[in-house]
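The values are calculated or read from the model by the stated rules, or taken from the named source; none is laboratory data. This is a predicted model, so every value here is computed, not measured. FYI the Cβ positions are ideal-geometry reconstructions off the backbone, even for glycines, and counts take in every protein chain you see.
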Amino acid sequence: MFRIRKITDDIYPMNKHAVGQVMDILRQRFSSVDESKILLIPEQLRNPLKYQFRSMLLVADNFNGNVKGFALLFHAPDLDFCYLDYIATHKDQITTGVGGALYERCRDEALMLKSSGIFMECLPDDEKLCPGKENLKQNASRLRFYERYGARPIINTLYETPVKEGDTCPPYLVLDNLDQHDLPSTEKIRKVVKAILYRKYGDYCPDEYIHKVVDSFKDDPVKLRDYKYISKVKPVDKNNHHNHPVAEPASGNHLKDSNHKNRIYLAVNNDHEIHHVKEVGYVEAPVRISRIMKIIGDTGIFETIPVNKFSEKYIRQVHSNDLVDFLKNAGENFPKGNSVYPYIFPIRNLNVRPRDVNVLAGYFCIDTFTPIHHNVWKAATGAVDCAMSCANKLIEHGGLAYALVRPPGHHAETRVFGGFCYLNTAAIAANYLSKLGKVAILDIDYHHGNGQQEIFYKRSDVITVSLHGHPSTTYPYFCGFRKEKGEGEGTGFNINFPLDEGLNADEYRKVLADAMQKISSFKPDWLVVCFGLDTAKGDPTGTFSFGIKDFEKNGRMIGSLGIPTLVVQEGGYLNRSLGNNALHFFKGLKDSFYR
């Protein structure tokens, strides 16, 4: 069993360990590669401007951190193409499908970056260019592998011309067009080839050679070699606008179907209904989930995934043991069918804990309207399991995921609950993802995300950004101001956008654009969205007036970031509009993300 994760630096110990293993695999598999080139990998990850490529290291490893294979993918944002430098598995690797899964992830990354294609070099399968039967056999096997994805050598060029006399096996330039409509024009391909030769081989290839090769690309558009190894192909799918046949996957390889990758993973908290507070005025009711599912369930844009049970340790990494133990023991301390509301708060002396469990609720709560009852722990941990299951899907495949859960979580802090929230589901998932890279949390609930602010306030590996009603008039009232920017190492990594009551949707999107710029500058590997539908027109807890078109536009803006995204359901209490508003948000998110 393995997962695939993206590494963009070697700062974190887990990443540094993986990069070291990747370098060892390179030495094992590519003995001809100069050691100085191998030693460049950490710097290529850290300093993309110097090498004019954005480097992405995709590693297939297990949860013990043992790397089974890797792919080193370069992105040239100025020319909108990707270049696959290496893809290899460990010499002792026995698990099948690692190479296929890695390459499929490369294709997903390239599509998310809106690349025109993936270019790569492959040694030739022509004995005139590469003598030796054993070499030809290996080269043919590699070209056969890529042909399954529609990737083939570009023909009618001088690319496979030796640079120096005596050089053997000059490589083909292979293009995977990612099943897109157009092949590159002459003008486009010449710019790409020039960039590859100068950026990759500028210290080896003379200018005269580079100009000769670049000028040899004359076909408009570029032409690919006919299929040589794959005889059975799928017909052209007019709906996907393919301009060439797509190879039929061989039995047993780990390809995803073309529609699968454009869906949104969906995990629903099946235990949410046991958290049902029936008092008049308690708006956080089970009907919220059913109203959303009724609308989004049959749209075909979601793929429901199983929800796995996760260790309690992930909760305790975010919340204090005292709070966790209190919530966990609620089933024993509070009789079934009886809800206890906090009503006494120890603001003068937190060092003294009351003995009466009915009073103890106030020790751990920030308000008087979030009750404790028999099923709180089971319902809250069910929500956490959903978000964690979604997080694992993102680690394995990238893309988008939606944890449709209640109770919500973004008001729960390290040692206190409140605002209908008991465990901070989004923060727990974000902390989990932070072990594999930098995380941005974007809170677009109407109310301030005080929970994740407090939890990550002194950290720089997780940036917390919140757009919310101004705390001078809006819950939780005592935090969410602009001046709250983080502390210590976390200074500058907490960003609040408090908004005036009745702000219109166009003005909101101007602020959202500013928030997205802050996130983009942080360059996160993961995005967690605390998704509130309480910004809708008529919501009993908010003052904004967003309609379905506004939610779709907001989703479209967020999806344009192109970051693997976990959306966690938070507030939203106007039941009649929840489903349509959610659907249009995800429609915008998906269309923009996968464009």
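Quick one: in segment 537-551, of everything that is surrounded by fewer than 20 Cβ atoms within 10 Å (Cβ to Cβ) and charged (D, E, K, R), which residue is nearest to the chain's Cα centre (by Cα)? Selected residue: LYS549. Taking every residue in segment 72-88 that is over 17 Å from GLY20 (Cα atoms) and pairing it with any residue that is assigned to a strand (DSSP E or B) and among the basic types (Lys, Arg), at least 6 positions away or on another chain, the pairs with Cβ-Cβ distances below 8 Å are PHE74/ARG54; HIS75/ARG54; ALA76/ARG54; PRO77/ARG54.
Residues are listed down the side, and each one gets a yes or a no for (1) surrounded by fewer than 14 Cβ atoms within 10 Å (Cβ to Cβ); (2) at pLDDT 90 or above; (3) of a type in the set (A, V, I, L, M, F, W, C); (4) out of contact with any strand residue (DSSP E or B) (no Cβ under 9 Å at 6 or more places or on another chain):
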{"site": "PRO245", "(1), (2), (3), (4)": "no, no, no, no"}
{"site": "PRO286", "(1), (2), (3), (4)": "no, no, no, yes"}
{"site": "GLU303", "(1), (2), (3), (4)": "no, yes, no, no"}
{"site": "VAL359", "(1), (2), (3), (4)": "no, no, yes, yes"}
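Among the residues of segment 559-595, just one is in contact with a helix residue (DSSP H, G or I) (Cβ under 6 Å, 6 or more places away or on another chain) and β-branched (Val, Ile, Thr), namely VAL568. Could you please find all residues in segment 30-43 being assigned to a helix (DSSP H, G or I) and within 30 Å of the chain's Cα centre (by Cα)? Across segment 30-43, the qualifying residues are LYS37, ILE38, ILE41, PRO42, GLU43.
Looking at ASP80, is it modelled with pLDDT of 90 or more, assigned by TED's automatic domain parsing to the domain that holds VAL174 and among the acidic types (Asp, Glu)? No: the conditions fail for ASP80. Note on segment 29-40: residues that are exposed (fewer than 12 other Cβ atoms within 10 Å of the Cβ) and touching a residue at least 12 places away in the same chain (Cβ under 8 Å) amount to 1. Residues of segment 568-584 include at least one that is closer than 29 Å to ASN431 by Cβ, assigned by TED's automatic domain parsing to the domain that holds ALA430 and under 15 Å from the mean Cα position of the chain (by Cα).
Scanning segment 173-201 for residues that are among the β-branched types (Val, Ile, Thr) and out of contact with any Cys (no Cβ under 8 Å at 6 or more places or on another chain) gives THR186, ILE189, VAL192, VAL193, ILE196. Somewhere in segment 134-156, is a residue of a type in the set (A, V, I, L, M, F, W, C) and under 19 Å from PRO77 (Cα atoms)? Within segment 134-156 (the criterion being of a type in the set (A, V, I, L, M, F, W, C) and under 19 Å from PRO77 (Cα atoms)), the answer is no, since none of the residues qualifies.
Of the strands (runs of 3 or more DSSP E) entirely within segment 492-595, those holding at least 2 residues that are touching a Gly at 6+ places or on another chain (Cβ under 7 Å) and over 20 Å from ILE292 (Cα atoms) occupy 494-499. Reported count of residues in segment 202-221, each being in a helix (DSSP H, G or I) and of a type in the set (D, E, K, R), is 4. Which one is farthest from ASP78 (Cα to Cα) among residues in segment 159-216 that are buried (at least 16 other Cβ atoms within 10 Å of the Cβ) and among the acidic types (Asp, Glu)? Checking each candidate, the answer is GLU160.
The residue that is surrounded by the most Cβ atoms within 10 Å (Cβ to Cβ), among those in segment 17-28 that are in contact (Cβ under 8 Å) with a residue 24 or more places away in the chain and over 10 Å from PHE70 (Cα atoms), is HIS17. A single entry from ASP461, ASP500 fulfils the requirement of being of a type in the set (Asp, Glu) and over 22 Å from SER434 (Cα atoms): ASP500. Residues in segment 158-186 that are part of a loop (DSSP other than H, G, I, E, B), out of contact with any helix residue (DSSP H, G or I) (no Cβ under 7 Å at 6 or more places or on another chain) and polar (S, T, N, Q): THR168, ASN177, GLN180, SER185. Applying the condition of being among the small types (Gly, Ala, Ser) and not in a helix (DSSP H, G or I) to segment 83-136 and asking which residue is surrounded by the fewest Cβ atoms within 10 Å (Cβ to Cβ) yields GLY132. Just one residue in the set ASP220, ASP226 is of a type in the set (Asp, Glu), at pLDDT 60 or above and touching a helix residue (DSSP H, G or I) at 6+ places or on another chain (Cβ under 7 Å); that residue is ASP220. When segment 412-438 is limited to residues that are in contact with a Cys (Cβ under 7 Å, 6 or more places away or on another chain) and at pLDDT below 95, the one that is surrounded by the most Cβ atoms within 10 Å (Cβ to Cβ) turns out to be PHE417. Applying a threshold of 8 Å to beta carbon distances and a minimum spacing of six or more residues, or different chains, the list of pairs starting in segment 295-318 at a residue that is closer than 18 Å to VAL405 by Cα and assigned to a loop (DSSP other than H, G, I, E, B) and ending at one that is of a type in the set (Asp, Glu) and at pLDDT 95 or above reads VAL307/ASP385; ASN308/ASP385; LYS309/ASP385; PHE310/ASP385.
Among the residues of segment 1-43, those that are of a type in the set (Val, Ile, Thr) and closer than 12 Å to LEU57 by Cβ comprise ILE4, ILE7, THR8, VAL19, VAL22, ILE25, ILE41.
When residues in segment 462-493 are screened for being in contact with a strand residue (DSSP E or B) (Cβ under 7 Å, 6 or more places away or on another chain) and within 19 Å of GLN317 (Cβ to Cβ), 4 of them pass. Reported count of residues in segment 489-504, each being at pLDDT below 95 and of a type in the set (Gly, Ala, Ser), is 1. Could you tell me whether any residue of segment 473-487 is modelled with pLDDT of 95 or more and under 23 Å from the mean Cα position of the chain (by Cα)? Checked segment 473-487: no residue is modelled with pLDDT of 95 or more and under 23 Å from the mean Cα position of the chain (by Cα).
Under the condition of being under 23 Å from LYS6 (Cα atoms) and either touching a Pro at 6+ places or on another chain (Cβ under 6 Å) or buried (at least 24 other Cβ atoms within 10 Å of the Cβ) (or both), the residues counted in segment 373-394 number 6.
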